[in-house]
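Structure record follows, encoded as structure tokens.
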4 protein chains.
Amino acid sequence: MLKVAILGAGRIAQIHSKSAFLNSQCELKLIADPWKEGVDKLANELHCEACYDYYEAIDRDDVDAIVIATATDLHIDLMLHAVKRKKPVLCEKPIDLDFQRSITAVKEIQSHDGKVMLAFNRRFDEDTIAIKEAILNNEIGEIRQVIITSRDPGMQPVEYLKTSGGIFKDMTIHDFDTARYILGEEPIEIFATASRLVDEELASINDYDTCSITLKTQSGKQCIINNCREAVYGYDQRIEVLGSQGLLKTQNHRPTTLKKYTLDFTGAQKPLLNFFLQRYISSYRKEFDVFVSCLVEGNEFPTNLFDGLQALYLAVCAIASTESNKAIAVNPEGPKESLTDDIGLFLL
Amino acid sequence: MLKVAILGAGRIAQIHSKSAFLNSQCELKLIADPWKEGVDKLANELHCEACYDYYEAIDRDDVDAIVIATATDLHIDLMLHAVKRKKPVLCEKPIDLDFQRSITAVKEIQSHDGKVMLAFNRRFDEDTIAIKEAILNNEIGEIRQVIITSRDPGMQPVEYLKTSGGIFKDMTIHDFDTARYILGEEPIEIFATASRLVDEELASINDYDTCSITLKTQSGKQCIINNCREAVYGYDQRIEVLGSQGLLKTQNHRPTTLKKYTLDFTGAQKPLLNFFLQRYISSYRKEFDVFVSCLVEGNEFPTNLFDGLQALYLAVCAIASTESNKAIAVNPEGPKESLTDDIGLFLL
Amino acid sequence: MLKVAILGAGRIAQIHSKSAFLNSQCELKLIADPWKEGVDKLANELHCEACYDYYEAIDRDDVDAIVIATATDLHIDLMLHAVKRKKPVLCEKPIDLDFQRSITAVKEIQSHDGKVMLAFNRRFDEDTIAIKEAILNNEIGEIRQVIITSRDPGMQPVEYLKTSGGIFKDMTIHDFDTARYILGEEPIEIFATASRLVDEELASINDYDTCSITLKTQSGKQCIINNCREAVYGYDQRIEVLGSQGLLKTQNHRPTTLKKYTLDFTGAQKPLLNFFLQRYISSYRKEFDVFVSCLVEGNEFPTNLFDGLQALYLAVCAIASTESNKAIAVNPEGPKESLTDDIGLFLL
Amino acid sequence: MLKVAILGAGRIAQIHSKSAFLNSQCELKLIADPWKEGVDKLANELHCEACYDYYEAIDRDDVDAIVIATATDLHIDLMLHAVKRKKPVLCEKPIDLDFQRSITAVKEIQSHDGKVMLAFNRRFDEDTIAIKEAILNNEIGEIRQVIITSRDPGMQPVEYLKTSGGIFKDMTIHDFDTARYILGEEPIEIFATASRLVDEELASINDYDTCSITLKTQSGKQCIINNCREAVYGYDQRIEVLGSQGLLKTQNHRPTTLKKYTLDFTGAQKPLLNFFLQRYISSYRKEFDVFVSCLVEGNEFPTNLFDGLQALYLAVCAIASTESNKAIAVNPEGPKESLTDDIGLFLL
């Protein structure tokens, strides 16, 4: 049976560990983290070994597959280490916050024929899957416009966001991947505009809290993404797809279906699911299960390093568009090696 | 052109008068009411004559059709007067609050070959029509269960209800007609239970404010009606029909489609349309237009005196069921002439 | 740690076994069933012992609590066996299909001070909980009318239903418990009417497929239950509560939130969750967890033998009402010992 | 009483004529159109005079106010004629398809102190009004993002669209006005992208069928407009407003509230209202009534020539943005006199 090591003991690592524990095609061998207290508690709960060194965990002979759910700046190093030992990896997004480093790393991983699945969990959400299936079944004909609404329930402190990479790399990056997935065609043009409407303090770290992005593909399909760091009514995650034969819409998720009708309000419901851990918990589960079943059954991973790179690339272009007030051309085959040229070349 | 006289100058009469004014197949000739001030104002607004005597209005040679929207206790007399003068009538429901008088009157009107359309306006509501059409188009197969929810936004004072005839004759009577219309088959059994949950004072007039009624037809189709004199969230009017191939549901109407999502409530809407004049205004309009077009084109009226009698009959049986705690058998061919026997016979 | 034995290896037993496996307050000690193949497979998957004898499993010293998920006709024997050994029980509903046997058994279990939680899983459904909480928080004032719609997606063959106890004891019994739970007050009167609209063959076993039931409490609160063995659009489970200050409504559950808008239909969604195992899986989980936490923390069980008896009592009265076409009085303190007298006494 | 002349006898003119007929504060004096057959029929139906010359109609002494619902290229001439005779005007949008001519005309009309209300009927839609009221009541705090979805049910032939002025001036212009109205602040930046996804033939007239537009105001509020000339599921008209304290959403309108649940689809509704005459009929009525009441009560018009100019200005900027792939700066005080400079100046 496939033996899995989870690197990390934080929130996402806990989800993956529980998935591994419940998945009948694999065995949760160990959880690794230098944070002894956290890893001990988690390993104890899930009846597996604790390990205090990421690299040691990767090296162990009784570990077949690696899940990287550590801090972002370790992703590349740990992926490379695993790949060199021929161990397949499920790595949390993003590859790295630095675009140039990411390009270089992907090249190196590819030179080792590394098997890496990138953890874009939203692709495994039942609603996103249902949309994709309806499109593939030709239920709405050719896609014309996609609208992705993605808003966080509340904003973290500016201090915390300082290391996030900015709204485009931290938040919109999920929507860039969803856009590529649903469009089924690479964007070749991007325009972004951003504001500070939640907290003016974001100016101090050159970041934004509210943005609107327009993508266009070669064939003219359009995608509009709108993000806000704060939506007081809860975690707002909706997708609309206009096709030549119809429209698809997903709705927000709620903890119950109860509706209340009173003198003042009719049809009021309780607040939405609070945040991504509640809203997307089943997609995290399914993502892990797909990772394991791909390995066990020898299938291709549904998300790979190119997906990781392309989403980051779109984020970098969005930043350039915001700064220049111009649409940016995007190379559908992915970024060139040298970043500066790339962006330079592609300003329309 | 068909010349119409409206008898009455109250709320319903005002609606019919405006319908007549706008209908291009007829001419609003006059509005009649002994209440001078009211009828003068209304006639002036709608550029027609005012008349202060109902019988005189019916008698006039330049009046072809009569709309009776007066107090209920005048319905029978005015209908008979019109029918004897061979003038077709659109009469507001009910025929009369007294069941025995109603039976006798219907017999007499029929002996004069009277043309009377009874004003069950809800049959002309766009939602009810859409339900009936879907059933007739066999979109849900054979009917199994019908659920009619019908609740008033607020209760009139007990003083006012004293002359209403009680909840079954005053309120449920509409739902009895809707039930017959949707079922497409006469009920042969009725059970009713009633409570005083809004105002205990109703005991003083032997009336109720909350009731549940079960009807069954010969073929076993069931219909559940639930009424309450007070629903603080507004005028609640919904119909559900379970068929062998599907379910049909109508929803309440609202003044706008706006939904609001805030910290406390998500999806809250403004209150429902306040009451029947708002909710059913278009059905009143359509009802009048159907009356006129039936006359102009020589078609049968869609609602007639039998419908009026049958709804009243069900109300009388509901009262008997409430009092006896037993299901009451209903004669699908309508009440026999003598009331006492009738009910006596039909207790199951 | 609380050591749990699951009796049974069928569908419901599998759910309880998995709940026990995942519950961190208890240990899944063993699963017992004479059906070797089934129990071996299940026990193997969940890393616990298999046992081939129910009574042996109850007797084992290393078993602290018993879950009875066997065939219905063993419920009473196994409960009594466990209770005599002072072991607490979570027992699937119903107590027994025979009302008189149930009354006698409950008396005997009570004489042993037996701790039994009866598995009315729907009380642990998130929507039902949300309704109950809103009522307890006085969000809609005093209850006036409750409407419970409960329809199966499809009907089992008549052959299978022969041993079900009939629609009232097999299907409506869940709704009787829900009604009592939501009303917060015992019914004192019941009227039921039933038809065969799905399959006439049910006449051969004196059963029905479609029924409507009206309950009334001492204070006049009304509850309408409507059941049908077949709803082609899926498992229809909805509750409405009208209160003096507002209305509560729950809606059906769906596998995704996707809506599709095309030329012919707008807003169409995929079919509902198929049946009770899909719709109520989380309530089964929660039910088990509540059972364990009550034992660990020393709390009263939220559902007990009286609940089981009262739901069965209402089913028996519903049958009597259907047969007599009369409302049946229900003793709010539960059935008397002798059934015949009971029903005889209570015909209104 | 205010005497009104309607110029035009086409679809919109018919609506305004009927509004004038029903409005009790004004008298429908005449309808004017050189198209004898059309104007005779309409005037006959509404009991008013027919006139075959627009200018003669304006000049008549017994006409107090003018409604211009003629072909677009006559708007400016007729407005100027009326304004010179000191007669107030309700003029259909747009002022003119030629931006430079519009600027010049507005200046001239202003020099005559002309009283002109521009017919942006959607501002009088009950849903738009409800959104605006909720914003003004501070129900969702400060506006952050507005999303306007506006799609036609089907596309006219390219031949017809040749004279339409293009998608931005013909279709988006309504949404530009709605955006300005809801934002309550002028846009200072616009980016537009457009495709031909419905009909490639549009390339022959340099027009598009699908477009996405991003607007930003001085304070950073964002507005996204998405248009498509074809939505097979019907006329799609929705608005969303994200504010600091909540979200507002309007929904599409339907002819009935009926929902159907079958084996394949659940919750399917009939198609949306077909097109703008069905969807916005009540807003046309209300618009006219507001025009009359402003005149009778001496209030300012809610929409004026500046609104007409600004919407056209945004359309011109959208065209420039589409062609240049750059965001265009918009002067919040309106276009400068010379168009070329204007656009030249404002490219960001």
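The values are calculated or read from the model by the stated rules, or taken from the named source; none is laboratory data. Since we're looking at a predicted model, the values are computed, not measured. A quick note on method: Cβ atoms are made from the backbone with ideal geometry, for glycine too, and the neighbour counts reach across all protein chains shown. We work out accessible area using only protein heavy atoms, side chains counted, and drop any ligands, DNA or RNA first. Shrake-Rupley method; radii C 1.70, N 1.55, O 1.52, S 1.80 Å.
Observations on the structure shown:
- Which listed residue is open to solvent by less than 80 Å² (accessible area, probe 1.4 Å), within 17 Å of C:GLU45 (Cα to Cα) and in contact with a helix residue (DSSP H, G or I) (Cβ under 9 Å, 6 or more places away or on another chain), from A:CYS26, A:CYS51: A:CYS26
- Region A:263-301, residues that are more than 19 Å from the chain's Cα centre (by Cα) and either among the basic types (Lys, Arg) or within 13 Å of another protein chain (Cβ to nearest Cβ) (or both): A:LEU263, A:ASP264, A:PHE265, A:THR266, A:GLY267, A:ALA268, A:GLN269, A:LYS270, A:PRO271, A:LEU272
- In region C:216-238, residue farthest from the other protein chains (Cβ to nearest Cβ) [restricted to those that are aliphatic (A, V, I, L, M) and closer than 11 Å to C:ASP175 by Cα]: C:ILE225
- Failed condition for B:ASP170, given (1) more than 10 Å from chain C (Cβ to nearest Cβ); (2) at pLDDT 95 or above; (3) in contact with a Ser or Thr (Cβ under 9 Å, 6 or more places away or on another chain): (2)
- Subset of region B:179-188 [surrounded by fewer than 24 Cβ atoms within 10 Å (Cβ to Cβ) and in contact with a Lys or Arg (Cβ under 8 Å, 6 or more places away or on another chain)]: B:TYR181, B:ILE182, B:LEU183, B:GLU185, B:GLU186, B:ILE188
- Test: residue in region D:144-156 that is surrounded by fewer than 21 Cβ atoms within 10 Å (Cβ to Cβ), in contact (Cβ under 8 Å) with a residue 12 or more places away in the chain and on the phi > 0 side of the Ramachandran plot: no
- Every pair of residues 6+ apart whose Cβ atoms lie under 7 Å, when the first sits in region C:174-188 and is within 16 Å of C:GLU333 (Cβ to Cβ) and not assigned by TED's automatic domain parsing to the domain that holds C:ARG238 while the second is among the hydrophobic types (A, V, I, L, M, F, W, C) and surrounded by 18 or more Cβ atoms within 10 Å (Cβ to Cβ): none
- Test for C:HIS81: is it in contact with a strand residue (DSSP E or B) (Cβ under 8 Å, 6 or more places away or on another chain) and either crowded, with 16+ Cβ neighbours inside 10 Å or in contact (Cβ under 8 Å) with a residue 12 or more places away in the chain (or both): no
- Near pairs, Cβ below 7 angstrom, 6+ apart or cross-chain, from region C:37-60 (without any contact (Cβ under 8 Å) to a residue 12 or more places away in the chain) to any residue that is open to solvent by less than 80 Å² (accessible area, probe 1.4 Å) and not in a helix (DSSP H, G or I): C:ASP40/C:ALA50
- Scan region C:86-122 for residues that are part of a loop (DSSP other than H, G, I, E, B) and aliphatic (A, V, I, L, M) and the total you get is 2.
- Candidates D:ALA179, D:ALA194, D:ALA203: the one that is over 24 Å from A:ILE148 (Cα atoms) and modelled with pLDDT of 95 or more is D:ALA203.
- Taken over region C:31-60, the criterion of being over 19 Å from C:VAL83 (Cβ atoms) and not in a helix (DSSP H, G or I) is satisfied by C:ILE31, C:ASP33, C:PRO34, C:TRP35, C:LEU46, C:HIS47, C:CYS48, C:GLU49, C:ALA50, C:CYS51, C:TYR52.
- Test: D:LEU197 is away from chain A (no Cβ under 14 Å) and not basic (Lys, Arg): no
- Condition check for A:GLU200: of a type in the set (Asp, Glu), open to solvent by 10 Å² or more (accessible area, probe 1.4 Å) and without any contact (Cβ under 8 Å) to a residue 12 or more places away in the chain: yes
- In region C:128-167, the residue that is modelled with the highest pLDDT out of those that are assigned to a helix (DSSP H, G or I) and either closer than 15 Å to C:CYS228 by Cβ or away from every other protein chain (no Cβ under 14 Å) (or both) is C:ILE167.
- Taken together, B:LYS87, B:LYS107 contain a single residue that is surrounded by fewer than 21 Cβ atoms within 10 Å (Cβ to Cβ) and in contact (Cβ under 8 Å) with a residue 40 or more places away in the chain, which is B:LYS107.
- Which listed residue, of D:GLU230, D:GLU240, is of a type in the set (Asp, Glu), under 14 Å from A:LEU247 (Cα atoms) and modelled with pLDDT of 95 or more: D:GLU230
- Screening A:ILE68 on (1) open to solvent by 30 Å² or more (accessible area, probe 1.4 Å); (2) touching a residue at least 60 places away in the same chain (Cβ under 8 Å); (3) out of contact with any Gly (no Cβ under 6 Å at 6 or more places or on another chain); (4) not assigned by TED's automatic domain parsing to the domain that holds A:GLU200 shows it passes everything except condition (1).
- Residues of region C:239-259 that are more than 7 Å from every other protein chain (Cβ to nearest Cβ) and of a type in the set (A, V, I, L, M): C:ILE239, C:VAL241.
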